[in-house]
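The structure appears below as structure tokens.
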Amino acid sequence: MTAWQLRRATDDDVDAIMQLERATFVSDAWSEHSMRSEVASANGYYLVAFEPEHPERIDGYAGLLAPEGAGEGDIQTIAVAPHARRRGLGRVLMLSLIGEARKRGAREVFLEVRADNPGAQTLYRELGFEEIGVRPRYYQPDGVDAIVMRLAVPAPQTTIATTTETTA
């Protein structure tokens with residue numbers, strides 16, 4: 001399993017983010033202007049993921065909109081490069097965004113997911129999201145429905161470290 005590193009996205013990352021955005025969301029990719037605005041926004045939190053041995057290659061990115069103290073957040077986008085899929089990166093990115101939403105005081109996090117993306121839907125359900133509605137023909141120009149999902153942000157959990165002593 002690859003151990004990705006995550007860091008906060010900057011304007012310098014937008015070109016690489018947009019390459020992955022356009023390759024992943026062929027018919028409904030965000031504009032570069034929109035992405036730059038989101039990455040720069042104080043209310044947003046965008047991450048990029050990369051393998052330590054390839055810091056120049058972004059394998060995934062994800063973004064959250066969660067104004068401090070608003071009580072809720074919205075997962076704006078998430079994408080993982082084809083070579084990095086099905087290896088846990090999407091889960092790592094989502095857990096990082098949920099953690100940041102919690103830090104910002106969000107009690108709920110929402111997202112929309114394409115109805116024709118069962119893999120993403122499965123991940124979100126495994127993370128505790130529940131379906132709360134459908135936005136018909138939300139994704140254009142394809143006319144694909146969006147499933148609206150909500151997560152009640154769980155309280156942070158701490159565990160007690162234990163040690164196992166062995167005697168010879």
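The values are calculated or read from the model by the stated rules, or taken from the named source; none is laboratory data. Note that the structure is a prediction, hence the values are computed from the model and not measured. Quick reminder, even Gly has a Cβ in these numbers, built from the backbone with ideal geometry, and neighbours come from all protein chains shown. All accessible areas refer to the heavy atoms of the entire protein, side chains included, with ligands and DNA or RNA removed. Shrake-Rupley method; radii C 1.70, N 1.55, O 1.52, S 1.80 Å.
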List pairs: first in region 49-68 and closer than 20 Å to A23 by Cα, second open to solvent by 20 Å² or more (accessible area, probe 1.4 Å) and basic (K, R), Cβ under 7 Å, 6+ apart or cross-chain? F50/R57
Got a sec? Which of D12, D74 is open to solvent by 30 Å² or more (accessible area, probe 1.4 Å), of a type in the set (D, E) and touching an Asp or Glu at 6+ places or on another chain (Cβ under 9 Å)? D74
Go through V144, V109 for me and flag whichever is without any contact (Cβ under 8 Å) to a residue 40 or more places away in the chain and hydrophobic (A, V, I, L, M, F, W, C). V144
Only one residue in V26, V80, V109, V113 is at pLDDT below 95, under 27 Å from P136 (Cα atoms) and open to solvent by less than 40 Å² (accessible area, probe 1.4 Å), so which one is that? V80
Does Q121 satisfy the condition of being among the polar types (S, T, N, Q) and not in a helix (DSSP H, G or I)? no
State whether the residues of region 37-54 include one that is in contact with a helix residue (DSSP H, G or I) (Cβ under 9 Å, 6 or more places away or on another chain), outside any loop (DSSP other than H, G, I, E, B), on the phi < 0 side of the Ramachandran plot and open to solvent by 70 Å² or more (accessible area, probe 1.4 Å). yes
Tell me, please, whether a residue that is at positive phi, in a loop (DSSP other than H, G, I, E, B) and of a type outside the set (S, T, Y) can be found in region 95-117. yes
Residue pairs meeting the criteria (Cβ under 8 Å; at least 6 apart or on separate chains; first free of Cβ contacts under 8 Å to residues at least 60 places away in the same chain, in region 25-40; second assigned to a loop (DSSP other than H, G, I, E, B) and exposed (fewer than 13 other Cβ atoms within 10 Å of the Cβ)): V39/T10
